[in-house]
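The structure appears below as structure tokens.
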Amino acid sequence: MSAHAVLLPARTPRSAFGKLLQSETKVAWRVPLGLALGVAVPILVLVVFGLIPAMNKPAKSLGGLTYFGVYYPILIGFVIAILSLISLPTHLATYRQQGILRRMSATPVPPAWMLAAQVIINLALAVVALAILIVSATAGFGVGAPGSPGGFTVALILTIAAMFAIGLWISAVARTAGSAGAIGQLFLYPLLFFAGVWFPQERMPPVLQHISEWSPLGASVRALQDSMQGTFPSAASLLILAGWAVLFGFLAVRFFRWE
């Protein structure tokens, strides 16, 4: 039997995926975990930081950058991290815990469609949140457009790929919503630390800076900052992001179970 036949049985109308996606979108709207944490919180932080005068003054300890400029790419990483590590795995683990995925396997609709629908919904939320962040920072707070638009785009795509791969791996190994949330948080807080949320990378000790460079969000922030300043991101940062995406993408496929 071909992979196409497994994912899309002949008796399953293609329009069924659209209906499933519509249904899952309504669920996401009624339980707006990703909408609240992944969209509202970073936008609120952006506005607060933008209105604090001290955040917009160049700091010698940051190499002449402003705190607002430093935290701007960190907020971008924050959006992607919340949606990929908390929202995505929690919903899928809930469906596994409630037996929804198991029941779907007995219908003409492939369970893989549920996975695809959740990925699409969280990607859409990420696009909306990132668009609002970028437009708000550029139009409302004077943050210049990326000096290297191509580098910025590549870094953003690889960041999404890496973080969503980790989120799918959490979805694969977590059997309940509680365990998905716990594993997600075990990843979230250390990754946010190395991204510079509590302590900017520029002010970290050398050892922590080196660890940060190898973490997905640390590499992402470095690549986004480089592209904002007009430099195409280093090959090292992009390869690190690609490596995380490939590794956890493979692990997600290898260990994913519908029940």
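Exactly one residue among Asn56, Asn122 is touching a strand residue (DSSP E or B) at 6+ places or on another chain (Cβ under 7 Å), over 18 Å from Thr176 (Cα atoms) and not hydrophobic (A, V, I, L, M, F, W, C), and that residue is Asn56. Taking first residues from region 18-37 that are at negative phi and modelled with pLDDT of 75 or more and partners that are surrounded by 14 or more Cβ atoms within 10 Å (Cβ to Cβ) and of a type in the set (Phe, Trp, Tyr), the Cβ contacts under 9 Å between residues at least 6 apart in sequence or on separate chains come to Leu20/Trp113; Leu21/Trp113. Being β-branched (Val, Ile, Thr) and within 15 Å of the chain's Cα centre (by Cα) holds for only one residue in Val197, Val207, Val253, Val221, and it is Val221.
Arg103 fulfils the conditions (1) assigned to a helix (DSSP H, G or I); (2) within 30 Å of Gly18 (Cα to Cα); (3) in contact (Cβ under 8 Å) with a residue 60 or more places away in the chain except for a single criterion, (3). Being modelled with pLDDT of 95 or more and open to solvent by 20 Å² or more (accessible area, probe 1.4 Å), is that true of even one residue in region 194-208? No, the conditions are met nowhere in region 194-208. Gln98 meets all of the listed conditions (1) open to solvent by 10 Å² or more (accessible area, probe 1.4 Å); (2) closer than 24 Å to Val47 by Cα; (3) free of Cβ contacts under 8 Å to residues at least 60 places away in the same chain but one, namely (2).
Inclusion of Val79 among residues that are part of a helix (DSSP H, G or I), more than 18 Å from Phe256 (Cβ to Cβ) and touching a residue at least 12 places away in the same chain (Cβ under 8 Å) is warranted.
The values are calculated or read from the model by the stated rules, or taken from the named source; none is laboratory data. What you see is a predicted model; the values in this text were computed from it and never measured. Here the Cβ is made from the backbone with ideal geometry for all residues, glycine too, and neighbour counts use every protein chain on show. Note: accessible area is taken over every heavy atom of the protein model, side chains too, but ligands, DNA and RNA are not part of it. Shrake-Rupley method; radii C 1.70, N 1.55, O 1.52, S 1.80 Å.
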